[in-house]
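Inspection log for the structure reproduced underneath, given as C-alpha cells.
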Amino acid sequence: MRELRELTRELVSTPSHEDESACGDVVESWLRGETDADVTRDGHGNVLARRGAGTSLALVGHHDVVPPDDSQVDNGEYVVEERDGRLYGRGTADMKGAVAASMLAFRDADPAGELVFASFVGEEVGGEGARGAIADGFAPDYAVVGEGSTNYSGDNVTDVVVAHKGRRASTVVARGIASHASEPEAGENAVYRACDAVDVIRDLDAPEADVFGERLSGSVVVTEVDGGSAWNVVPERCEVTVDERTVPGDYAALERVEAVEGVEWAVEQDLPPMGCDDEAFAEAVLESATRAQESTPELVTKPHATDAGWLAGAGTTCVVCGASEPGEAHTKTESVSLSVLERCYEIYRDAAESWPAA
C-alpha cells in the first residue's frame, strides 16, 4: 500500500523529539485535506478528529518520539530508509507507522458509530498530551491504542493487548543524626534505617491481576541507594529509589516502609496500568485482527505503560493493537514491517466498521 508507506515516511522524517508541532502540522493538514471530519488542534498540541455519530470508538496514537541516535539524523532531518520490506528510522515503530495506519483507516472506514482519531503529544514524557486532552473532556467510549502488539504470542502475528503494566517510581528517604564515625553511638545512622526499609521492600508481595484469563504480574525493586557524605561521618540522610511495575487494581504496599523510624516514602511518578473492562469489545477487535492476517492472534498482556492507562483511568474501554515488535522501540536500529502496517490498517478499519456491534 504505497499511500501508507509514503505517509509513514513523511511522519517519520519530521522531527518531533523536542517540539512536536511540525509533525502535528503534517497530521492536521492531511486530515483536513483528506477527510470531511471535524478536525481540531487543542491547546496542548494534540490532533483530534471526529466523524459519524453514536457510540464512539477512537483510534489513538502519539506523534512525539524519544531523542534520535546520531545515526538517525542528517542535517536536522530524521533519516528514513527502506530495505527488506521494513522502514528504518526514529519513530517508525514507536509509533508513527501506526499513526499513519490509523489516519488512513479513519478516512476510509464506514464507521458503525462515531469514529474518533487522536494523535497525542508528550507520550514519551509521561502522557502529557493524553492527560491534557482528558482534562479538557476527551472521553471516547472505546479506544484502540496503536502501540506495539506484534509478535507477542508468536512470530508474524499481531495480537490484541487487554492489559498492560504501569510504572510507579518512588523514593524512600531515611533520616538520622550525623556524628563522627569514631563515635557512632552519638548519632543515628540513616543508612542502617534505609537498610531496614529495604528489608521491608524485599518482603513485599508484587502486585498481580487477571484480565480475561490473562495473568499480569508486577514487580517492585530497589534500583538506587544514595547516602553518606564522607568516610568518617555517620550519615544523616540516605535515599532509596524504588521501581514498581503496577497492574490494574493493585499496588505493592510500599507505605509499610514508614513503620521504620525516621523513614518517609514519596511517589515521584505514577504511570497507570490498563485493563480492558469489556470482554465483548476485546473479542470484537480480536476478530478484526483475525480477519486481517493468516496467523491466529491472541488476547495478550504487555509489560509497558501506554496512554491507554490514562484513558482507561478516565473511563474509556481500551485495547492496544499495533505494529511495533518487542525490542524495536527507542533503539538506534528502530524499524517497522510495511506488511504489518498494512495489517494494522485493515484491523483498525475493520474494527471501526464492526464496533459497536449492531
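The values are calculated or read from the model by the stated rules, or taken from the named source; none is laboratory data. Quantities reported herein were computed from a predicted structural model and do not represent experimental measurements. Cβ coordinates were reconstructed from backbone atoms using ideal geometry, including for glycine residues, and neighbour counts include every protein chain displayed. In case anyone asks, the SASA skips ligands and DNA or RNA and just uses the protein heavy atoms, side chains included. Shrake-Rupley method; radii C 1.70, N 1.55, O 1.52, S 1.80 Å.
Yes or no: residue 310 in contact with a Pro (Cβ under 7 Å, 6 or more places away or on another chain), open to solvent by less than 70 Å² (accessible area, probe 1.4 Å) and of a type in the set (A, V, I, L, M, F, W, C)? The answer is yes for residue 310.
Restricted to segment 55-145, the set of strands (runs of 3 or more DSSP E) holding at least 2 residues that are more than 18 Å from the chain's Cα centre (by Cα) comprises 56-62, 81-83, 86-88, 114-120. Once segment 261-279 is narrowed to residues that are of a type outside the set (S, T, N, Q) and open to solvent by 50 Å² or more (accessible area, probe 1.4 Å), the residue that is nearest to the chain's Cα centre (by Cα) is 270. In this entry, residue 139 is excluded by the filter for residues that are without any contact (Cβ under 8 Å) to a residue 12 or more places away in the chain, open to solvent by 10 Å² or more (accessible area, probe 1.4 Å) and aliphatic (A, V, I, L, M). Residues that are over 19 Å from the mean Cα position of the chain (by Cα) and assigned to a loop (DSSP other than H, G, I, E, B) within segment 1-18 comprise 1, 14, 15, listed in sequence order.
Which one is least open to solvent (accessible area, probe 1.4 Å) among residues in segment 329-344 that are under 14 Å from residue 7 (Cα atoms) and more than 20 Å from the chain's Cα centre (by Cα)? Filtering segment 329-344 for residues that are under 14 Å from residue 7 (Cα atoms) and more than 20 Å from the chain's Cα centre (by Cα), the one least open to solvent (accessible area, probe 1.4 Å) comes out as 338. I'm checking my understanding of the structure. Among residues of segment 286-298 that are of a type in the set (A, V, I, L, M) and open to solvent by 20 Å² or more (accessible area, probe 1.4 Å), which one is nearest to residue 168 (Cα to Cα)? If we take residues in segment 286-298 being of a type in the set (A, V, I, L, M) and open to solvent by 20 Å² or more (accessible area, probe 1.4 Å), then 286 is nearest to residue 168 (Cα to Cα).
Looking at segment 249-260, which of its residues are touching a strand residue (DSSP E or B) at 6+ places or on another chain (Cβ under 9 Å), open to solvent by 20 Å² or more (accessible area, probe 1.4 Å), on the phi < 0 side of the Ramachandran plot and of a type in the set (Gly, Ala, Ser)? Answer for segment 249-260, where residues must be touching a strand residue (DSSP E or B) at 6+ places or on another chain (Cβ under 9 Å), open to solvent by 20 Å² or more (accessible area, probe 1.4 Å), on the phi < 0 side of the Ramachandran plot and of a type in the set (Gly, Ala, Ser): there is none. Of all residues in segment 217-246, those satisfying the criterion of being open to solvent by 30 Å² or more (accessible area, probe 1.4 Å), in contact (Cβ under 8 Å) with a residue 24 or more places away in the chain and among the acidic types (Asp, Glu) are 236, 239. The single condition from (1) surrounded by 15 or more Cβ atoms within 10 Å (Cβ to Cβ); (2) touching a strand residue (DSSP E or B) at 6+ places or on another chain (Cβ under 7 Å); (3) closer than 20 Å to residue 23 by Cβ that residue 81 fails is (1). Close contacts from segment 50-72, counting a first residue that is under 18 Å from residue 306 (Cα atoms) and a second that is hydroxyl-bearing (Ser, Thr, Tyr) and at pLDDT below 95, with Cβ to Cβ under 7 Å and a gap of 6+ residues or different chains, come to 63/16; 64/16; 65/16.
Is it fair to say residue 34 is modelled with pLDDT of 95 or more, surrounded by fewer than 19 Cβ atoms within 10 Å (Cβ to Cβ), under 21 Å from residue 92 (Cβ atoms) and touching a helix residue (DSSP H, G or I) at 6+ places or on another chain (Cβ under 7 Å)? Answer is no for this residue. Looking at segment 87-107, is at least one residue aliphatic (A, V, I, L, M), surrounded by 19 or more Cβ atoms within 10 Å (Cβ to Cβ) and more than 26 Å from residue 67 (Cβ to Cβ)? Yes.
Taken over segment 159-183, the criterion of being of a type in the set (A, V, I, L, M, F, W, C) and touching a residue at least 60 places away in the same chain (Cβ under 8 Å) is satisfied by 160, 161, 162, 163, 169, 172, 173, 174. Filtering segment 188-217 to residues that are part of a loop (DSSP other than H, G, I, E, B) and modelled with pLDDT of 95 or more leaves 189, 203, 204. Just checking, does segment 182-203 include any residue being open to solvent by 40 Å² or more (accessible area, probe 1.4 Å) and under 25 Å from residue 15 (Cβ atoms)? Scanning segment 182-203, I find no residue that is open to solvent by 40 Å² or more (accessible area, probe 1.4 Å) and under 25 Å from residue 15 (Cβ atoms), so the answer is no.
If you check residue 172 against the conditions, is it closer than 30 Å to residue 228 by Cβ and of a type in the set (A, V, I, L, M)? Here the answer is yes, as residue 172 does meet what is asked. Only one entry in 153, 149 is polar (S, T, N, Q) and open to solvent by less than 40 Å² (accessible area, probe 1.4 Å), namely 149.
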